[in-house]
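Values quoted throughout were computed directly from the atomic coordinates according to the rules given, and no laboratory measurement underlies them. Computed from a predicted model, the values in this text were never measured in an experiment. Note that we place each Cβ from the backbone using ideal geometry, even for glycine, and neighbour counts take in every protein chain shown.
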Amino acid sequence: MNRTISRAGTLIAAICFLGFSVSCDDDEPPLPDNALTFSASSAGLGDDDNEAEITLNASRPVASPVAVTLSLTTEGVAYGEHFTTVPAAQGSTLVVTIPANASSVSFKVVREADVFLEGDESITFVIVDADDPVVIGGTAQVVLSFSSIVSEGAELTLNGILGAESGASAGNSVFVDLSENVQVPVARTSWDLGFYNGDDFRVIINYASGATAVMVDKTDLSQVTAADIDPDVLVAGLGQGTLDIIDDPHGDLDNTVIAAVSETDSENKVYVINRVGGHGGIGPVEDLVKVRILRNDDGYTVQYAAINESEFATADISKGDTHNFEFFSFEEGKVSVEPAHDKWDFVWTWSMYFTGAPGNYIPYGFSDLVFVNHHGGTQAAEVMATGGVTYDGFGEDNLAGVTFEEGRSTIGSGWRVTSPADQAGVKTDRFYLIKDAAGNVYKLRFVSFHPGDGGTRGKPVIEYALVKKG
Amino acid sequence: MKRTLIVILLLVSFTLRAQDSLQTFALEEVVVTGQFEPQSLRQSVYQVRTINAEMIDARSATTIRDVLNTELGIHFSNDLVLGTSDISIMGMSGQNVKILLDGVPLVDRDATRESLSQIDMNMVERVEIVEGPLSVVYGSDALAGVINIITRKGGRKENTLGVRVRIQEESAGTAYKPFHGEGTHNENVAVDWQGSYWYAGGGITRNTFGGLRGHSVGRQREWLPKEQWLGNGMVGFARNRVNVWYRLNIVDESLSSPGAANANTGFATDQEYITRRFTHQFHTDWDISDRWTFNSVASFQDYSRRTMTTLFNVNSGERFLSPDPGSQDRSAFTSTTFRGTFLHRVSDNVSLQPGIDINWNEGAGDRMDKRRSIGDYAAFISAEIKPVHFLTIRPGVRMIYNTVYDAPPLIPSLNVKARLSPVLDLRAAYARGFRAPALRELYFYFFDSSHSIVGNPNLEAEYSDSFSLSLSSHTKAPDTFLETTTLGLFYNRFDNMIALGVSPDNSGINTYINVAKYKTTGATLTQSFTHNQLNASVGIAAIGVYNELSGEAPSLPELMWTPEVNTSVAYRFPKAGTKLSGYYKFTGKRSVYEYTEDDSYHLASREAFHWVDIMAQQRIARYLDLTVGVRNLLNVTRLQNTSMDTNGAHSTGGPVPMSFGRSFVVALNFQLN
């Protein structure tokens, strides 16, 4: 009897032990290294510019500030005489600090006034030390040349994350210049209107915020109220809306929501704009904005106000010659968005785009779109990695059969899969060629962009290499 | 771990005496679900279906699905992405079905009844299914019905020790690797002991499925690999008029979802869904006097589910935890419940059952805004009145106070059973059912580029009115010939159902609202008979579910009907110690109207299918049985589906995955006493 009890007891104890032991073995693998690298190994400070910004990127945000020590070695220039840095260097050492909760830090190299150089001078920065938990990663050195450069290639992690938003709704549009190894992240809701600097008088609404617009058949802004429109007409995305409330998804300026601005003021109607949308809804009706745009000599005048206001504000926008568009925000006035037209090749961004069957297209908000700088003269081609063609093997000789497209959407959404979830990731069966306005041809591939391919949403990784110098 | 288990298996298997596991059970089965006290199926005012241990053994079931999927009106669906399955009963999905383990509601994190696939079949004595609401006693969620899983309880004779050991191997289609890898592998050892007053038992099971690539490519698996460790232990004390027992059930489940390797980097993102479940229960049965009885069950459940995302380098074999902030997720729920009932026999003709039911649930994670809790306090009373000997009337009512939402004030029910003749019973029932808003529906919070969803703390309960009628005849001939015929009719009307809709405050945000209506109705006719060594049953059913588009398009039919037929046959050769059994179910074409983009209505159908299992049990030694069989003999895999909704992220179109295909089963069962 007692033996029976003890036998049963032992067995039950063993069972309970097994039951609990399986529930404790959470063998968790380590996190990958938080590696610190320069975003590219070469950078240029051209004659047109007085300063260059150099960025160090960690793989992920740091919990507390991390000090990074860099050594600088000069070639043909001297600190204080020809250039300084911000923050300032101490001898041949420069210390920068990654702030808490950030994953990158930048410093500036500033050319002293009235310094003229040959162009073959340079400074080499090397990461020599980084506080825990950051470790020194692959691209630990950058050479800054005192001239424009034509990059031989690099791997860049685009910084799409503005704050703490999820990667699929990344807050930045990132403009990329391959030949200079430069990326420029810009908050994608930081602007409302773009005024074309070319010959035509065209105005775009913000594709990257999901803005929509509708015309009101009136020319007096003060006479327009919410009663003049049906707010539901402005709803776009997730199956709703029509293409005529957004600009042409391919960036054709002959097909914008806002008609060409006429010389004759009476032909310029009022438009009502929903500033942020794309998810099948709009904000409160009273936040809609009414605008009317007129010509002003060789520029524009914009009148704008919240929809139910009787007073309106006015701003004059003159055409410039360095950028594709002059950008304007209803809150901030003139704002800087795109780099100069010859300083970027493509932009990676969330954007209003389209979906559906041919003949039945509807507007749809897309994450991770890539638009080529077609107004600036950049062209692109898609190359399928089939029949022995590979990204690694692709060289100048292979360019013979390639046709470059002039449009904006050659890359578009075609480089990645987002659903079904088990197939999400970059498409590895293709890569792209980018021919910039100077004639440089780069091959470009998307390395990762999504947990489904081992990447991070909102921080796509691209790799590119010079195929032919222009 | 595996080695330890095998050592235990060997130790216990040689020390004990045999019992014949092929013995029959009594025909007058006793049921407990919803009853005042355990009583025979025939006496129950509810129409109850039971699946007993003999049927579970005969089918060599490793999941509850293996025994329920040929039942009339019961369907299972698969979510291949999450590796889970859900049940529907009489046209209603899992969130309207209450899953009980010895009367204790099992926690599920979501609308689907994942808990059903986390039950160790080796510890199950019996499964009881009651269709229609049992909301007076069991509260929320019991709209479509209740599935009560009754576990094995201790030994039968004083001072005995029993041991059961099982080793089962099953292929997945034609893919199979012994004990590990492709196929299903189930190993169990369980003991029970009965002393003079004390009794105890426990068991442990490994239940694993190796996954199957199916239509996936590379590292990915269409059917996700699963590893379950299931443990239980119990101890009880019974003396005189008191019986108390404590039981702990442990579930440790890991589902793996290997990702595709990125050719650029060599990295693949793998996910593992790790579920842990500790269910503690304490039961008290006390016969206070001839007129008073007290029953209670207190339980505490601790549930967690973790999504662990790792980055695996297929070239180097290195594995890292994914640093992506959204990729690691943990949801944790606890549930504390107490249900206590008195049974007072006022006279021979009148009994009263007053009771209280307290549920306190807490949860965090799973896209909820923060840790939230909800308390539900209910009192209920039922009466059983027998004005004349052939008539039983049972009215009942439940009153509820809930800490979060405005609970329905009164939940009534009325059941009547009349013995029309010595062989004929009529049962009629009306019941109101309800489903309380889940924590997730109250406090959901999820925003990204394509979702803007918030919970709605102002939700009300869904409710239903349920009517049923059944007529059963039982005839028993002198030579153990028993025939039962049952005709059943049901009609359920659901209102205030919670659906995802556009927020009235902001058209850009979706939220949960009480909006939808639904109906189900149907008829079943079943006949079963037992003659000498033959057991057989046949049933037909027609089940109609509401066409949700019929409201806006009156030209469309209001109900969409699906026919079903099932049959089972078992024959025993007592001298040879052999039992052969076969199970068949036909599920008819299921059609649903859908709204198409060009403003028309499209009738989409999922094709009909036939499901067949055949099994043979053979006693090969005094205490050892061998079972071999084929599940899904007709190799049903993916069902054609003509839905045109195939483009969206949550589309319902495309083939419906039913099974990975025909599988072959071999099992060895020791049963010693």
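Normalised by residue count, the range B:229-365 yields a Cα convex hull volume of 127 Å³ per residue. Mean separation of Cα pairs under 8 Å and 6 or more residues apart, divided by the residue count, gives the range B:309-423 a relative contact order of 17 percent.
Normalised by the number of residues in the range B:523-673, the average gap of Cα pairs under 8 Å and 6 or more apart makes the relative contact order 15 percent. Pairs from the table (B:Lys476/B:Lys585; B:Lys153/B:Lys386; A:Lys218/A:Lys290; B:Lys226/B:Lys579; B:Lys157/B:Lys476) lying more than 22 angstrom apart at Cα are B:Lys476/B:Lys585; B:Lys153/B:Lys386; B:Lys226/B:Lys579; B:Lys157/B:Lys476. Could you tell me which of rounded, prolate or oblate describes the protein assembly as shown, using a ≥ b ≥ c as the square roots of the eigenvalues of the alpha-carbon gyration tensor, with rounded for a/c under 1.5 and, failing that, prolate when a/b is larger than b/c and oblate otherwise? Note, shape of the protein assembly as shown comes out prolate.
With the simple model of a label 7 Å out from the Cα in the direction of the Cβ, A:Thr84 to A:Ser266 spans 6.1 nm. Per-residue extension of 0.36 nm, minus the Cα-Cα distance of B:Glu158 and B:Leu426, leaves a gain of 92.4 nm for this segment. One Cα centroid belongs to the range B:313-336, the other to the range B:98-149; the line between them spans 30 Å. Summing +1 for each Lys or Arg and -1 for each Asp or Glu among the other residues whose beta-carbon sits under 12 angstrom from that of A:Glu121 gives -3.
Relative contact order for the range B:23-672: 9 percent, from Cα pairs under 8 Å spaced at least 6 residues apart, divided by residue count. Around A:Glu309, under 14 Å between beta carbons, what's the net of Lys plus Arg minus Asp minus Glu among the other residues? Here the charged neighbours net out to -3. Considering only B:Ile453, B:Tyr430, B:Phe209, the residue lying farthest towards the positive end of the dipole of the range B:23-672 is B:Phe209, judged by Cα position with unit charges set on Cβ.
Summarising the label geometry, the points placed 7 Å from Cα in the beta-carbon direction at B:Val515 and A:Phe116 lie 7.3 nm from one another.
Between A:Ala438 and A:Leu399, full extension at 0.36 nm per residue minus the direct alpha carbon distance yields a gain of 12.4 nm. Legend: calculated FRET efficiency, B:Tyr401 to B:Ser373, from the Cβ-Cβ distance at R0 = 25 Å, rounded to 0.05, equals 0.95.
Ranking A:Ala58, A:Gly283, B:Val45 by Cα position along the charge dipole of the protein assembly as shown, where only Lys, Arg, Asp and Glu carry charges on their C-beta atoms, puts B:Val45 farthest toward the positive end. Considering only trypsin sites (Lys or Arg not before Pro) in DSSP loops that have at most 14 other Cβ atoms within 10 Å, the longest stretch of chain A without any of them is A:219-468. For the protein assembly as shown, the Cβ-based charge dipole about the Cα centre amounts to some 8740 debye (Lys, Arg positive; Asp, Glu negative; other atoms uncharged). When both the range A:104-166 and the range B:559-594 are represented by their alpha-carbon centers, they are found 71 Å apart. Charged side chains reduced to their Cβ positions (Lys and Arg at +1, Asp and Glu at -1) give the range B:23-672 a dipole of some 1920 debye around its Cα centre.
Working note: 222 nm ellipticity from helices only, DSSP H runs with n ≥ 4, each -39,500 (n - 2.57), summed and divided by the residues of chain B, gives -1000 deg cm²/dmol to the nearest 500. Return the FRET efficiency for the residue pair B:His280, B:Tyr595: r is the Cβ-Cβ distance, R0 is 51 Å, and the value is rounded to the nearest 0.05. Calculated value: 0.60.
Judged by the gyration tensor of its Cα atoms, with axes a ≥ b ≥ c, chain A is oblate; a/c meets the 1.5 cut and b/c is at least as large as a/b.
In order along the range B:86-95, the Karplus-derived 3J(HN,Hα) couplings, from 6.51 cos²θ - 1.76 cosθ + 1.60 at θ = phi - 60°, round to 10, 9, 9, 10, 6, x, 10, 6, x, 5 Hz, and Gly and Pro are given as x.
Think of chain B as a dipole: +1 on every Lys or Arg Cβ, -1 on every Asp or Glu Cβ, centred on the Cα centre; then among B:Gly488, B:His389, B:Leu68, B:His389 lies furthest on the positive end.
Here is the list for the range B:360-463: chymotrypsin sites (Phe, Trp or Tyr not before Pro) lying in DSSP coil, each with at most 16 other C-beta atoms within 10 angstrom of its C-beta, are B:Phe390. Computed about the Cα centre, the dipole magnitude for chain A is approximately 1860 debye when only Lys and Arg (+1) and Asp and Glu (-1) carry charge, each at its Cβ. Using a simple spin-label model with pseudo-atoms 7 Å out from Cα toward Cβ, B:Arg213 and A:Glu75 lie 5.1 nm apart. The simple Förster model, with R0 at 56 Å and r as the Cβ-Cβ distance, assigns B:Thr578 and B:Ala499 a FRET efficiency of 0.60. For the pair A:Ser64 and A:Asn101, the difference between a 0.36 nm per residue extended length and the Cα-Cα distance amounts to 12.6 nm.
Taking a ≥ b ≥ c as the square roots of the eigenvalues of the alpha carbon gyration tensor, the range B:23-672 is rounded, as a/c is under 1.5.
Cross-link partners of B:Lys517 among lysines, defined as those whose alpha carbon lies under 23 angstrom from its own and excluding same-chain residues fewer than eight positions apart: B:Lys98.
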